[in-house]
Amino acid sequence: MHPSSLVIRRFGSPARLAAALARHLEGVVAERRRVVLGLPTGRTPLPLYQRLRERCRQGRLDLSQVTTFNLDEFVGIRSSDPASYRSFMQRELFAHVNIPPGRAHFLNGAARDLVSECRQYERRIARAGGLDLVLLGLGVNGHIGFNEPARELTASTHVTRLSAATRRSNAPLFTPTRRRVPTLGVSMGMGTILRARRIVLIATGEAKAAAVRGLVQGPVTPRLPASFLQLHRDAEVWVDLPAAAGLSAP
Ligand code: GLP
């Protein structure tokens, strides 16, 4: 038995996971319209974003009072660049739902003074009342946001060096332009994430199985940043069956 209070929810497919999470978000937003969300990029949340787009189009979901903060961004990439996470979010979600543009917050990886950019981001989150719910993806190496495995982790929003594995998995964003993936990113820190009132990490596919096992059943270690979720009071891990393959039976 592992001692953590992490709740694990297993789903038969990524589509089922996405549908359940979309319903969950709908419930959270209906109960308390002014919700502050932390949002991830990557392939994993794509089915969720598709569901949210559909539900907004059908008029079943009203996100007009919701505030969002994206987790991370590449350094040296302008927001308007198609390879930026901001452009990704615009394409996949924000262009299709009714979150007012002023309520969708991003780190600007092209800012001249990145230290002040990071500080301002922390202030903006605090001014919004803190994060109610953070949705997280999971790197194959156990990263969350751009908090990479290391000897030590950083608590607040910061500039970070991207690992080779992370740069490889982000390469498709840069392939059309034949550019190299940046070596640096900016990311909410571990403290920023862990201060959220509630956290739901989503992971699908067998490539995530080892990281999922480590995060749920391994020690809390900066070598696997997602393992720090074990310390959170209200964190859940939502997985499909291939991603759950390394976990001992429920
Ligand atoms: C990227 C992002 C993370 C994301 C992760 C997983 O590097 N910085 O926030 O959660 O990788 O990506 P994917 O869902 O494509 O596996």
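Could you check, for segment 10-22, whether at least one of its residues is within 25 Å of HIS232 (Cα to Cα) and charged (D, E, K, R)? Yes, some residue in segment 10-22 is within 25 Å of HIS232 (Cα to Cα) and charged (D, E, K, R). Which residue is nearest to the ligand (Cβ to nearest atom), if the candidates are limited to segment 38-61 and must be over 20 Å from HIS143 (Cβ atoms) and surrounded by fewer than 16 Cβ atoms within 10 Å (Cβ to Cβ)? The selected residue is GLU54. Determine whether segment 200-212 contains at least one residue that is modelled with pLDDT under 95 and under 28 Å from ARG16 (Cβ atoms). Looking through segment 200-212, none of the residues is modelled with pLDDT under 95 and under 28 Å from ARG16 (Cβ atoms). Checked against (1) more than 9 Å from the ligand (Cβ to nearest atom); (2) in contact with a helix residue (DSSP H, G or I) (Cβ under 9 Å, 6 or more places away or on another chain), VAL140 meets all criteria but (1). Checking each residue in segment 133-159 for being within 14 Å of MET188 (Cβ to Cβ) and aliphatic (A, V, I, L, M) picks out LEU133, VAL134, LEU135, LEU136, ILE144, LEU153, ALA155, VAL159. ARG86 meets all of the listed conditions (1) within 15 Å of the ligand (Cβ to nearest atom); (2) surrounded by fewer than 21 Cβ atoms within 10 Å (Cβ to Cβ) but one, namely (2). Scanning segment 137-173 for residues that are among the β-branched types (Val, Ile, Thr), open to solvent by 20 Å² or more (accessible area, probe 1.4 Å) and over 17 Å from GLY38 (Cβ atoms) returns VAL140, VAL159. Taken over segment 206-228, the residue count meeting the criterion of being within 16 Å of the ligand (Cβ to nearest atom) and surrounded by fewer than 17 Cβ atoms within 10 Å (Cβ to Cβ) is 2.
Within the option set GLY109, GLY76, GLY12, being more than 20 Å from the chain's Cα centre (by Cα) and within 16 Å of the ligand (Cβ to nearest atom) holds for one residue only, GLY76.
A quick yes/no check of all residues on (1) more than 25 Å from PHE69 (Cα to Cα); (2) of a type in the set (Gly, Ala, Ser):
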{"residue": "THR154", "(1), (2)": "no, no"}
{"residue": "PRO176", "(1), (2)": "yes, no"}
{"residue": "ILE202", "(1), (2)": "no, no"}
{"residue": "LYS208", "(1), (2)": "no, no"}
{"residue": "VAL216", "(1), (2)": "yes, no"}
{"residue": "PRO242", "(1), (2)": "yes, no"}
{"residue": "GLY246", "(1), (2)": "yes, yes"}
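Only one of the numbered conditions (1) in contact with a Leu (Cβ under 7 Å, 6 or more places away or on another chain); (2) in a helix (DSSP H, G or I); (3) within 27 Å of LEU25 (Cα to Cα) is not met by GLU117, and that is (3). On the basis of being assigned to a loop (DSSP other than H, G, I, E, B), at pLDDT 95 or above, closer than 18 Å to PRO225 by Cα and not basic (Lys, Arg), does GLY130 make the cut? Against the criterion (assigned to a loop (DSSP other than H, G, I, E, B), at pLDDT 95 or above, closer than 18 Å to PRO225 by Cα and not basic (Lys, Arg)), GLY130 does not qualify. Taken over segment 174-190, the criterion of being surrounded by 20 or more Cβ atoms within 10 Å (Cβ to Cβ) and hydroxyl-bearing (Ser, Thr, Tyr) is satisfied by SER187 alone. The number of residues in segment 17-33 being free of Cβ contacts under 8 Å to residues at least 60 places away in the same chain and among the basic types (Lys, Arg) comes to 2.
The values are calculated or read from the model by the stated rules, or taken from the named source; none is laboratory data. Just so it is clear, the structure is predicted and the values come from calculations on it, not from any experiment. Positions of Cβ are backbone-derived with ideal geometry, glycine not excepted, and every protein chain shown enters the neighbour counts. Protein only, heavy atoms only, side chains kept; ligands, DNA and RNA dropped before computing areas. Shrake-Rupley method; radii C 1.70, N 1.55, O 1.52, S 1.80 Å.
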